[in-house]
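> Structure incoming, see below.
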Amino acid sequence: MKVLAINGSPHMDEGNTAMILNPFLEGMKEAGSDVEVFFTSMLKIGPCNADMSCWFTNPGKCAQKDDMQMLLPKIKEADVIVWASPVYYAGITGPLKILMDRQLPLYLQGAKGALARQQKAVLVSTCSAWELSMFDPLLLQMKAIYMKPDGSSDFAGALLRPMADGMKEMIKAGETGLVEGIFQAAREAGRQLVREGMISEELEAQVSRELMPRDAYYKAAQLMMEQMQSAMKKSK
């Protein structure tokens, strides 16, 4: 099984999203998959210019010359594509959305606009908020993209981690028990996806599990913000 993961976090492997993505991909490797990872921050990809040349002039081919020329064949050949992104403003990051838009030529065969390939898709996302509902816009988009005409879907699941900053603070404080359980669930989700072609709701819930009550989380977050502001003022 070929797996292509695209991480849209500007922090790449140092970001919150990588904390969930990396054990997930390790689980897929353990189950025998060939995994390749790209970071949007390291790619040069322009936005779709909507000239429709990939529909009418050169069906299935984009006229732009950038890193999508390298990436499109890899997307086409992947059995599973993992879209990974933090939530900053009610959606995926801008560079990742641009890359997704530029997939359009892969959905065309000749001039008829037929779907050119089928593959499983997974969403991995993190945010700083306590509420799991922060991921609703991303889930709606992914499910819409991968819905098939017969009503079935190639969307295989989502690993969603709210309170991601809180998770990092718990690691710093040595409170690793609950966090390690989250990482283990992400790893098992990778193994399960390879074995069964989907991620169970049970494993999704384990990855998204609550770290602490809402009020306690936001109280701690406010204290952390105040400390950061104080440190920035002192550095000036």
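The values are calculated or read from the model by the stated rules, or taken from the named source; none is laboratory data. The model shown is predicted, which means the values in this text are computed figures rather than measured ones. Every residue, glycine as well, gets a Cβ built from its backbone with ideal geometry; the counts of neighbours run over all protein chains shown.
> Please identify the pairs in which a residue from the range 147-174 that is within 13 Å of TYR217 (Cβ to Cβ) has its Cβ atom under 8 Å from the Cβ atom of a residue that is part of a helix (DSSP H, G or I) and at pLDDT below 85, counting only partners at least 6 apart or on another chain.
ASP165/ALA221; ASP165/MET224; GLY166/ALA220; GLY166/ALA221; GLU169/ALA220; GLU169/MET224
To keep it simple, each residue is scored yes or no on (1) more than 26 Å from GLU196 (Cα to Cα); (2) outside any loop (DSSP other than H, G, I, E, B); (3) in contact with a Pro (Cβ under 7 Å, 6 or more places away or on another chain).
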{"position": "ALA144", "(1), (2), (3)": "no, yes, no"}
{"position": "ASP150", "(1), (2), (3)": "no, no, no"}
{"position": "GLY166", "(1), (2), (3)": "yes, yes, no"}
{"position": "GLU169", "(1), (2), (3)": "yes, yes, no"}
{"position": "GLU175", "(1), (2), (3)": "yes, no, no"}
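> Within the range 195-236, track down each residue that is among the basic types (Lys, Arg), outside any helix (DSSP H, G or I) and either exposed (fewer than 12 other Cβ atoms within 10 Å of the Cβ) or in contact with a Lys or Arg (Cβ under 7 Å, 6 or more places away or on another chain) (or both).
LYS236
> Moving on. So which residues in the range 175-229 are touching a residue at least 60 places away in the same chain (Cβ under 8 Å) and of a type in the set (Lys, Arg), if there are any at all?
Scanning the range 175-229 gives ARG187, ARG191, ARG195, ARG214.
> Keeping to the range 220-232, report how many residues are farther than 22 Å from THR176 by Cβ and not polar (S, T, N, Q).
5
> Out of the residues in the range 31-88 that are in a loop (DSSP other than H, G, I, E, B) and among the β-branched types (Val, Ile, Thr), state the one that is surrounded by the fewest Cβ atoms within 10 Å (Cβ to Cβ). Can you show your working first?
In the first step, residues of the range 31-88 are kept if they are in a loop (DSSP other than H, G, I, E, B); the result is 31-33, 43-67, 78-79, 87-88.
Right, trim to among the β-branched types (Val, Ile, Thr) and you get 45, 57, 87.
Working: ILE45: 19, THR57: 10, VAL87: 21.
This residue is THR57.
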